[in-house]
Every structure is written in C-alpha cells, then in structure tokens.
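Below is one structure; the comments refer to it alone.
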Amino acid sequence: MRRVAIILLLVVLTASAWFGWHRFGPRPPTPPMAPEATQIDHILIEKSARRLTATLDGAVILQADVALGFEPIGDKQQEGDGKTPVGIFKIDRRNPQSAFYLSLGISYPLPEDIDRARAQGVDPGGDIFIHGQPNGVTGLSLPGDWTAGCIAISNSEMARLWSLTPNGVVVEIRP
C-alpha cells in the first residue's frame, strides 16, 4: 500500500512539474512582423460560421476556424456573459506574454457599448482578444466555444496572424 502511494505521489509531482513548466516556463520567441507590404488590413470574424478571414486589399491571406465565448449567440452585453461582441473594432494592443499563446487586443468596449451598459446598470466587460490556445496546451486546439468572450485560434495560425497584423487593423465581427 505504501509503495502505491509513493508511486502515485511521484506521478502527481511529475505531472505538476510538466504542467507548470508548460504553463509558466519560458515562452517561445515572438514571431517577427512580416514586411509592411504583406501585412493585412482587415480581419473578418463570422461567429455563425466560426471563421476568421484576414485580408489584404480584399485578397484572403489567412483563414482559420475559431472558438468563441461560451455563450456565442448574440452581442456582448456585460462582463461575464460569455458572449463575443459584434461590431467594427480595431486591433489596439499586442500581448506576447498573455495567459494564451500571443494575443491581439480588440478595441471593445466602444463608447456606445459603455453608454448602453451604463444605462442598464452593468459593466460592459473588456479585455477581448484574438489569441491562441492556453499556455500549457501544446499541439492541439481545445474543442467547442470555451473562451470568456475572446476569439481563439490554433497556435500556428496565431503565430502567422500575429506577424501579419499591425495595430490599427479593422476587425469586423459579424453574428
């Protein structure tokens, strides 16, 4: 019985160390920006199709399947509702050290979202990003809609999108 407990403890410690290393250990290098002439100028996210399309002058440069907020139908109304917002936004920040593999910030909430939420007496929420998978999840993409309102894609697609997307790019999110 004692031997089983020791083996079980070693397995748990090994798994914890592996998970901790992948979750909190050194991150891979941030992909470099693509040459300006090849950077995208528009990102379209179609929630109903679970698709992200990045374009340059109308030509499709990247297309990816997406995961959305855990309550994907409808527009984001308030913090914690699990909805991905709908509207026209911009990429307004970049975070290579996020809890997910890279992240591109979306300019939600807009002034009209703040006014609507204030009129309803709720917090509109914020921190909406396009990002990769959670750090520690390697080699796969989590199934289903699992974010708190963000848009998630595979890590390889996120690395490519990161390098192609300067701040200021228009992000159109459709129902």
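The values are calculated or read from the model by the stated rules, or taken from the named source; none is laboratory data. Remember, it's a predicted structure, so these values are computed and weren't measured experimentally. With ideal geometry, Cβ positions are generated from the backbone for all residues, glycine too; neighbour counts draw on all protein chains shown. Only protein heavy atoms, including side chains, enter the accessible area calculation; ligands, DNA and RNA are left aside. Shrake-Rupley method; radii C 1.70, N 1.55, O 1.52, S 1.80 Å.
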Counting only other residues whose beta carbon sits under 14 Å from that of A117, what net charge do I get with K and R as +1, D and E as -1?
-3
Does anyone have the angle between helix 111-120 and the longest principal axis of the chain? Alpha-carbon axes, 0 to 90°, nearest 10?
70
For the chain, share of DSSP beta bridges that run antiparallel, in % to the nearest 5
75
Compute the angle between helix 2-24 and the longest alpha-carbon principal axis of the chain, please, reported from 0 to 90 degrees and rounded to the nearest 10.
30
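Taking a ≥ b ≥ c as the square roots of the eigenvalues of the Cα gyration tensor of the chain, is the shape rounded (a/c under 1.5), prolate (a/b larger than b/c) or oblate?
Numbers: a/c = 2.37, a/b = 1.48, b/c = 1.60.
Since a/c reaches 1.5 but b/c is at least a/b, the shape of the chain is classed as oblate.
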Kindly identify segment 94-152 as rounded, prolate or oblate by the Cα gyration tensor criterion: order the square roots of the eigenvalues as a ≥ b ≥ c, call it rounded if a/c is under 1.5, otherwise compare a/b with b/c, prolate if a/b is larger, else oblate.
prolate
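Quick one: putting +1 on the C-beta of Lys and Arg, -1 on the C-beta of Asp and Glu, what dipole do you get for the chain around its Cα centre, in Debye to the nearest 20? Mind dumping the intermediate values first?
On the way: 16 positive and 18 negative charges, 180 e Å.
I would put it at about 860 debye.
Using the heavy atoms of the protein chains and a 1.4 angstrom probe, tell me the accessible area per residue for the chain in square angstrom.
Details: 9490 Å² over 175 residues.
Accessible area per residue, the chain: 54 Å².
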For segment 64-175, the accessible surface attributable to carbon and sulfur atoms (probe 1.4 angstrom, ligands and nucleic acids excluded) amounts in percent to 56
Label-zone membership for segment 159-174, site M33, 7 angstrom Cα→C-beta point, backbone N under 17 Å
159-170
Partners for K83 among aspartates and glutamates (Cα-Cα distance below 19 Å; same-chain residues under 8 apart left out):
E46, D65, E71, D75, E112, D113, D115, D123, D127, D145, E172
Determine the calculated [θ] at 222 nm for the chain from helices alone, applying -39500 (n - 2.57) to every DSSP H run no shorter than 4 residues and normalising by the residue count; nearest 500 deg cm²/dmol.
-8000 deg cm²/dmol
